[in-house]
Amino acid sequence: MPSFATPLDANTIVDIALLAMLAVIVVAVARTRSLLTAIILTSVYSFISAVWLVVMDAADVSFTEAVVGAGVSTIIALGAILLTRSECSRIPWRETLLPLLLVTVTGGLLVYAALDLPSLGDPSAPANIYVGRLYLQHAEHDIGTPNIVTAVLSSYRGFDTLGETTVIFAAGLGVALLLGFGERALQDTPRPSMAKMAESGQHVVLRVSAKMLIPMISIYAFYVQFHGDLGPGGGFQAGVIMAVAIILHALVFGLQETMESIPPQLARGLSAFGVLLYAGVGVVNLTNGGNFLDYDHLFPRIFEEGLPDSHLVGGHHIWGQHFGILAIELGVFLTVASTMVTIFYAFAGRAPDLSPHGEG
Amino acid sequence: MNAFIDFYAAPPGLTAHAAPLLVIGPLIAACAAALSPSTRSAWMISVGGTIFAFWMALCLAGEVARNGVVNYYMGGFAPPLGIAFRIDALGVMFALLISGIGVMAALFSGHTLEAEIMKGKRRLYQSGFLLCVAGLLGLSATGDAFNAFVFLEVSSIGTYALIGVGVDRRALPAAFNYLVMGTIGATFFVIGVGFLYAATGTLNMADMSGRLATLGDSRVVEAGFAFIVIGLGLKAAMFPLHGWLPAAYAYAPSLMGVFLSATATKAALYLMARFLFTVFGPHLDFVGLFLTWVMAPVAGAAAIICSAQAIFQTDIRRILAFSSVAQVGYIMLGVSMASAEGVSAGLFHLFNQALIKSALFMALGGLAFNIKATKLSDFSGVGRTAPWTMTAFAIGTFSLAGVPLTAGFLSKWRLIEAAFAAHWLWAVGVIAVSSLLGLIYAGRMLETIFFRAPVSEERAGEARFGVLVPLWILAAASVWYGLDASLPVDLSTAAAQALGLAPAGAAP
């Protein structure tokens, strides 16, 4: 906690400035009645928190916040308000009293506890001296990935990540059950195809820049995917970035064009397949004599005997860990990307028309 | 747990990995159901997946009976570095209950989904159901606080949609309400776990418990406790946080009514007991105060107020839903006594309630697609046209009201005994009054169903055979455990011991 007798360092000033911005945005979101404004503001909120997380040295979390919070959830929320009104109705002040009381009590409880929390970055805080330190000491030896966040998420606590991937799958399943799969868009009368748009010269700048952007976004997604164990990133972030590329295609060239190349059934199937792949890696570990998700036992014994000794580091199979993490990250990537696309299809398939040449 | 001591359900190689397979089996089945080519194959996958989970739960029961606790390290990393499954008698009891009810619900779903869910969505529906089963089983097996949150989410996220997707349009706002309340509950829970992590530096429950004991007074721990209890209270429909439940259960497709009424709130109750007794421990001041001065009165209020509310409902499923909240009150009353007798009586009651409620919802669901009825008056005289279905319903109702010779009677009796032992005379009074109210709504249902003339000429036929089989298994279980309650009593007593509560008379 900064004491005001000493001059504030630059980090603290940045912290205070960013947190003040977050506070202002939250009040603005609560006050505005335009849903569009609220969505844009929450997007800005996510973006500023991403910046703040960078200041806190939490690059992986910041990355996720940027792509999920500021990126794809904004697009989906925008898709949702196309289906409803764009203004929320006024709530009589009497009905706001009880929620206000509850929120105040909850906030009070949080502050009450926070005053007793160890200060940020305190090296003697329980979170830093116990498990956190153990991870820093053991990850290099046990797992062998330079990015310790990846080591924790995909190997030490890989079972949680399997659960989180399942949650994503379940969310896509839920949206598909409630809203359908966007099949209405396919049944509609065909809209002008890309070739026709090119002939008539509509939206040239948009189309040309999208054509340049989409491959680059996809390549970036793969970069994030495969460098997850070296730097910030991994299957979650890469999957969302890939989904953004596909959604951008749908926004510019029309939903039908995108659905022709990536049919809704395929997206839905891949979403289940990703979880299956992840759990399958665990089952392979079981059959090879290890515990569930113990990547040391990724390869069968016979195959391992043919490997050079260098893959064994202190009794741990670095190759097994490496390829195990690659495989489960691929599962995460498939599930996240295809679920985001499924959700987008479900909303966009119901919207009047999302593409720029439409009437709605 | 003596019943399982010589019980070897699977070869040792499989039994060694029964803990993760308990969860992974239904999880893989869920993916397979989503990818399966037809509704029929999805249904078979669903039945197979739940039977596999039940099998694994039986394997675990044998292991726990022999060794006391089953520990399993995910990824081969021992805690606190990795995630551990830790299954004791309490966990086994819930795993058996959830997977057993899961099998019955899966059998039941074959016929009802065709009537209630749009073609093309049934495979996904089965998939969502299996995800819910996997999530709840994971909850009963995990020994890691954050992993528990993950499974809470796995079991909930799909459920919100599964409730809303049926033919009844009133289910949509109910599902939305449940989504909002459930998400607040889950968020509170994870905030609480975050506080505990900040205070102890670990996420493993056993480790956390050991470190909390040495910590002394900490505001962070107190706030963490408050957030966890309120969050789980929302999920468990603890009075007065139960507002989401009646509509969600009443208007959901019947498969969800059958499965959720028996398992979802119960699993949240399990997690709450886990935190109250294993992680925090009743010796901590604020836990003791909470049990005696918050949980017990609130539980008593639920048992009386919600039983009274159930009397005035016109929709038959809402009667059952309000009765569910009242029964949560009974269970919590037992738990709040913090004695071996009280907790085991509460758990015994929970076991019976799960059997009863799923049987009752199953009987209604089996008929509902014949007669398209929701109101109690629509069921007038159905007892004459569908005697087999409604006899099972009547058995369930008797057990719900606590008529002697049923399991429901025994568990109420044991609750009263425990209340006497704890010198909680007011609790005895609460149970007596609430039971009287229970007799009124049970009598009202039976009177309408059996003794009124049918409203229309359109005769409500018997439920299909595929519905009658699981229905009668559940109804028969209620009678069987009313005559010979050794299995559930054995399970619940061992479960209370696993929570560190020694029975009176035993050496401390």
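Bear in mind these aren't lab numbers, they're just calculated from the coordinates by the rules spelled out. What you see is a predicted model; the values in this text were computed from it and never measured. All Cβ positions, even for glycine, are placed from backbone atoms using ideal geometry, and neighbour counts span all protein chains on display.
The table for this structure:
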{"read-out": "Whole-Å distance, taken between Cα centres, linking the stretch A:245-274 and the stretch A:90-107", "value": "42 Å"}
{"read-out": "Computed over the stretch A:239-307, Kirkwood Rh from alpha-carbon pairs, angstrom", "value": "14.7 Å"}
{"read-out": "Between the stretch A:18-40 and the stretch B:144-218, the alpha-carbon center distance in angstrom", "value": "27 Å"}
{"read-out": "Rounded FRET efficiency, nearest 0.05, which uses the C-beta distance separating A:Ser261 from A:Asn11 and R0 of 45 Å", "value": "0.45"}
{"read-out": "Equivalent ellipsoid semi-axes - Cα gyration tensor, the stretch B:218-358, angstrom", "value": "26, 15, 14"}
{"read-out": "Helix-only CD estimate at 222 nm, as mean residue ellipticity for chain B, using -39500 (n - 2.57) per DSSP H run (n ≥ 4)", "value": "-24500 deg cm²/dmol"}
{"read-out": "Where labels lie 7 Å past Cα in the beta-carbon direction, separation of A:Met21 and B:Thr183 in nm", "value": "2.5 nm"}
{"read-out": "Rg/Rh ratio calculated on Cα atoms of the stretch B:340-403 (Kirkwood radius)", "value": "1.10"}
{"read-out": "Additional length obtainable on full extension of the chain from A:Leu101 to A:Arg301, 0.36 nm per residue less Cα span", "value": "65.8 nm"}
{"read-out": "Net lengthening on full extension, A:Met56/A:Leu206 (0.36 nm per residue, minus Cα-Cα)", "value": "50.3 nm"}
{"read-out": "Computed P(r) (all Cα pairs; chain A; 10 Å bins; percent)", "value": "5, 18, 26, 25, 17, 8, 1, 0"}
{"read-out": "Simple spin-label estimate for B:Trp388 and A:Arg85 in nanometres, 7 Å along Cα-Cβ", "value": "5.2 nm"}
{"read-out": "Whole-percent pair-distance distribution, where bins are 20 Å wide, for the alpha carbons of chain B", "value": "25, 60, 15, 0"}
{"read-out": "Compactness index (Cα Rg / 2.2 N^0.38 Å), the stretch B:1-145", "value": "1.09"}
{"read-out": "The stretch B:149-244: radius of gyration and largest Cα-Cα distance (Dmax), Å", "value": "16.1, 54"}
{"read-out": "Whole-angstrom gap from the stretch A:44-88 to the stretch B:224-295, using each part's C-alpha centre", "value": "32 Å"}
{"read-out": "Neighbour-limited loop hits for GluC sites (Glu not before Pro), the stretch B:404-470 (at most 12 other Cβ within 10 Å; DSSP other than H, G, I, E, B)", "value": "B:Glu457, B:Glu458"}
{"read-out": "Once the Cα gyration tensor of the stretch B:300-501 is diagonalised, semi-axes √(5λ) in Å", "value": "32, 18, 12"}
{"read-out": "Rule-of-thumb Rg ratio for the stretch A:253-292 [Cα; 2.2 N^0.38 Å; N residues]", "value": "1.81"}
{"read-out": "D (Stokes-Einstein, µm²/s), Kirkwood Cα radius, the stretch A:1-123, 1.306 mPa s at 10 °C", "value": "93 µm²/s"}
{"read-out": "In Å, descending, principal axis extents of the Cα set of the stretch B:285-389", "value": "56, 24, 17"}
{"read-out": "At most 14 other Cβ within 10 Å, DSSP loop - trypsin sites (Lys or Arg not before Pro), the stretch B:298-379", "value": "B:Lys372"}
{"read-out": "The stretch B:70-148: translational diffusion in µm²/s, Stokes-Einstein, Kirkwood Rh over Cα pairs, 25 °C, 0.890 mPa s", "value": "172 µm²/s"}
{"read-out": "Rg/Rg_globular for the protein assembly as shown, with Rg_globular taken as 2.2 N^0.38 Å and Rg from C-alpha atoms", "value": "0.96"}
{"read-out": "Neighbourhood net charge (10 Å Cβ-Cβ; Lys/Arg +1, Asp/Glu -1) for A:Gln321", "value": "-4"}
{"read-out": "Check: chain A dipole with +1 on Lys, Arg Cβ and -1 on Asp, Glu Cβ, in debye", "value": "1360 debye"}
